[in-house]
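Q: Next up is a structure, given as structure tokens.
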Amino acid sequence: MDRRPIGIFDSGLGGLSILAAVRDLLPWESTVYFGDTARYPYGSKNQDVVAEYASEIAGHLVTAHDVKLVVVACNTAAAAALERLSEELPVPVIGVIDAGVRAASIVSGSSRVGVIGTVGTIGSGAYQRAFLKVDPSVELNCQACPGFVELVETGEADTESARVLARILLQPLIDAKVDTLLLGCTHYPFLARAIQDVVGRDVILVSSAEETAFEVHHMLEGGGLSGRDEDLQGDELYITSGSAEDFATFASALLKRPVVNVVHLDFSDLNVQE
Ligand code: DGL
């Protein structure tokens, strides 16, 4: 039995949607979550810069926290750095893009799928390539949604501003009559209410969270890394590059339960060049 924690990271709070699914499926596993809130958003940054950040954070999770697996709970970072991390790290690495594509192709009825994500993710072409591999017959409509991540990070996910922005950004997908909408950014499940209000109830929203959790389960079991013990509740540690107090407040609101055990990490501790 391997009781080392699972490392999960994102630019900020969005990866908590993945963390929640992982903890739900594997409650006995301990987790260390890193939210790079001081440097979010990643989606508007150059891919090389994002890859550098991802490499530093994942390296820190392995060396300082001895994680047995790293989940890149950020589409933008996965698009920019998944291959690099898989080469660099001594532990398995899981991204969220393939998981989301699998989930969307399972539920899509007409094969008219919309994908929304950050400018970085959509611009990288990662989803377009992943769908080509899984199901080339899918008629894909990709749309970047700048501003969505900020709404989640500032606690405005369930506001009129969110619905106004969603109406503007999602109109092309409504016009394209997509029947499935893949949330290609881990922040977006926290905007699901606003998004669903705008696209209508006939469109199925799909996130990569559950499918990613299944992938984690599969990888742990297959690799002899599982810490399974039905009698145990895994520990949780949260690390943020921003304010620990703000992180605890916003994370508790998003997860609808108290999030404690939050620590602040200075970039100088990570040897990161700002
Ligand atoms: N949650 C990240 C993602 O999945 C958001 C990136 C950002 O900070 O822009 O892409």
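Q: If we keep just the residues of segment 187-205 that are in contact (Cβ under 8 Å) with a residue 60 or more places away in the chain and within 14 Å of the ligand (Cβ to nearest atom), which is surrounded by the most Cβ atoms within 10 Å (Cβ to Cβ)?
A: Selected residue: His187.
Q: Can you find even one residue in segment 214-233 that is part of a loop (DSSP other than H, G, I, E, B), among the hydroxyl-bearing types (Ser, Thr, Tyr) and within 16 Å of the ligand (Cβ to nearest atom)?
A: no
Q: Where residues in segment 40-57 are within 12 Å of Ala79 (Cα to Cα) and touching a residue at least 12 places away in the same chain (Cβ under 8 Å), which of them is farthest from the chain's Cα centre (by Cα)?
A: For segment 40-57, the residue satisfying everything is Asp48.
Q: Moving on. Give me a count of the residues in segment 103-143 that are touching a Gly at 6+ places or on another chain (Cβ under 7 Å), assigned to a strand (DSSP E or B) and either without any contact (Cβ under 8 Å) to a residue 40 or more places away in the chain or surrounded by fewer than 20 Cβ atoms within 10 Å (Cβ to Cβ) (or both).
A: Of the residues in segment 103-143, 2 are touching a Gly at 6+ places or on another chain (Cβ under 7 Å), assigned to a strand (DSSP E or B) and either without any contact (Cβ under 8 Å) to a residue 40 or more places away in the chain or surrounded by fewer than 20 Cβ atoms within 10 Å (Cβ to Cβ) (or both).
Q: Is it true that some residue in segment 89-97 is modelled with pLDDT under 95 and under 24 Å from Leu220 (Cβ atoms)?
A: No, segment 89-97 contains no residue that is modelled with pLDDT under 95 and under 24 Å from Leu220 (Cβ atoms).
Q: Restrict the check to segment 56-64 and report whether at least one residue is in a loop (DSSP other than H, G, I, E, B), at pLDDT 95 or above, charged (D, E, K, R) and out of contact with any Pro (no Cβ under 6 Å at 6 or more places or on another chain).
A: Scanning segment 56-64, I find no residue that is in a loop (DSSP other than H, G, I, E, B), at pLDDT 95 or above, charged (D, E, K, R) and out of contact with any Pro (no Cβ under 6 Å at 6 or more places or on another chain), so the answer is no.
Q: Kindly list the number of the only condition in (1) in contact (Cβ under 8 Å) with a residue 60 or more places away in the chain; (2) surrounded by fewer than 22 Cβ atoms within 10 Å (Cβ to Cβ); (3) farther than 19 Å from Ala209 by Cβ; (4) within 15 Å of the ligand (Cβ to nearest atom) that fails for Ala20.
A: (3)
Q: A further question on this structure: How many residues are crowded, with 21+ Cβ neighbours inside 10 Å and of a type in the set (Val, Ile, Thr) when one looks only at segment 38-52?
A: 1
The values are calculated or read from the model by the stated rules, or taken from the named source; none is laboratory data. Keep in mind that this is a model prediction, so the values were computed, not measured. Methodologically, a virtual Cβ is constructed for each residue, glycine included, from the backbone with ideal geometry; neighbour enumeration extends over all protein chains shown.
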